[in-house]
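A quick write-up on the structure given underneath.
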Amino acid sequence: VLVMSSCGDDEEEGEGSTGGNGNSGSSGGSSGSASSDEDVLTCTIMIRCDSILDHMEDLAEGKDRYVPENGIILYSTAVEFLKGETAYEVTKRACNAMGIQIEASYAPLYGSYYVEGIGTLYEFDCGDQSGWVYGVNGWAPNYGCSRYVLKNGDTVEFRYTCQLGHDLKWSN
């Protein structure tokens with residue numbers, strides 16, 4: 001269930017660290033349905049690749065057409081979720097609802113899904129240190145987002161990095 005309340009005034013503020021290959025994951029779906037309004041929670045999802053704008057010379061040929069002019073693939077969007085759902089599950093559902101391509105594979109070593117691509121931008125498309133990382137509330141966990149169980153009010157960001165996260169500043 002999506003609550004469409006997007007805004008385009010998101011700014012980059014603060015510092016954050018990136019978590020290894022904690023890019024994504026989905027351990028399936030939530031079973032059952034909400035039994036009351038208390039079970040329905042809300043988080044905010046944002047997907048951006050603005051770091052690529054400073055590294056266009058490294059971008060794989062033909063990929064420039066997938067980079068929005070401002071680097072925002074999905075503006076901050078409020079998304080409803082059920083208790084127990086993960087950052088990956090909710091992000092994947094939001095992408096599917098908005099027609100944004102997302103591709104992930106399960107990484108048994110980490111017990112999580114790994115986001116390989118969003119919006120037709122994939123790891124290594126902008127250099128050998130590039131790919132997708134995620135953060136929650138301005139913090140980048142060191143584990144995959146299919147292992148991060150969302151809490152009411154969380155802010156989830158998927159960010160494309162060109163330098164193993166050193167080129168990113170996290171919101172919050």
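The values are calculated or read from the model by the stated rules, or taken from the named source; none is laboratory data. Quick caveat, the model's predicted, so the values are computed rather than measured. All Cβ positions, even for glycine, are placed from backbone atoms using ideal geometry, and neighbour counts span all protein chains on display. Each accessible area value is taken on the protein alone, full model and side chains, heavy atoms only, with ligands, DNA and RNA left out. Shrake-Rupley method; radii C 1.70, N 1.55, O 1.52, S 1.80 Å.
Descriptive notes on the structure:
- Of all residues in the stretch 141-158, those satisfying the criterion of being at pLDDT below 95 and surrounded by 22 or more Cβ atoms within 10 Å (Cβ to Cβ) are GLY144, CYS145.
- Taking the stretch 88-144 as the range and being farther than 13 Å from MET46 by Cα and among the aromatic types (Phe, Trp, Tyr) as the test, the residues that pass are TYR106, TYR110, TYR113, TYR114, TYR122, PHE124, TRP139, TYR143.
- Single condition GLN129 does not satisfy, out of (1) open to solvent by 60 Å² or more (accessible area, probe 1.4 Å); (2) out of contact with any Cys (no Cβ under 7 Å at 6 or more places or on another chain); (3) within 25 Å of LEU59 (Cβ to Cβ): (2)
- Qualifying position, being open to solvent by less than 20 Å² (accessible area, probe 1.4 Å) and touching a residue at least 12 places away in the same chain (Cβ under 8 Å), among TYR134, TYR114: TYR134
- Subset tally (residues that are closer than 19 Å to ARG65 by Cα, part of a strand (DSSP E or B) and touching a strand residue (DSSP E or B) at 6+ places or on another chain (Cβ under 8 Å)) for the stretch 126-171: 5
So that you can scan it fast, the table gives a plain yes or no per residue for (1) open to solvent by 50 Å² or more (accessible area, probe 1.4 Å); (2) at pLDDT 95 or above; (3) part of a loop (DSSP other than H, G, I, E, B); (4) of a type in the set (Lys, Arg):
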position: GLY22; (1), (2), (3), (4): no, no, yes, no
position: GLY25; (1), (2), (3), (4): no, no, yes, no
position: GLY29; (1), (2), (3), (4): yes, no, yes, no
position: SER33; (1), (2), (3), (4): yes, no, yes, no
position: SER51; (1), (2), (3), (4): no, yes, no, no
position: GLU57; (1), (2), (3), (4): yes, yes, no, no
position: PRO68; (1), (2), (3), (4): no, yes, yes, no
position: LEU74; (1), (2), (3), (4): no, yes, no, no
position: THR77; (1), (2), (3), (4): no, yes, no, no
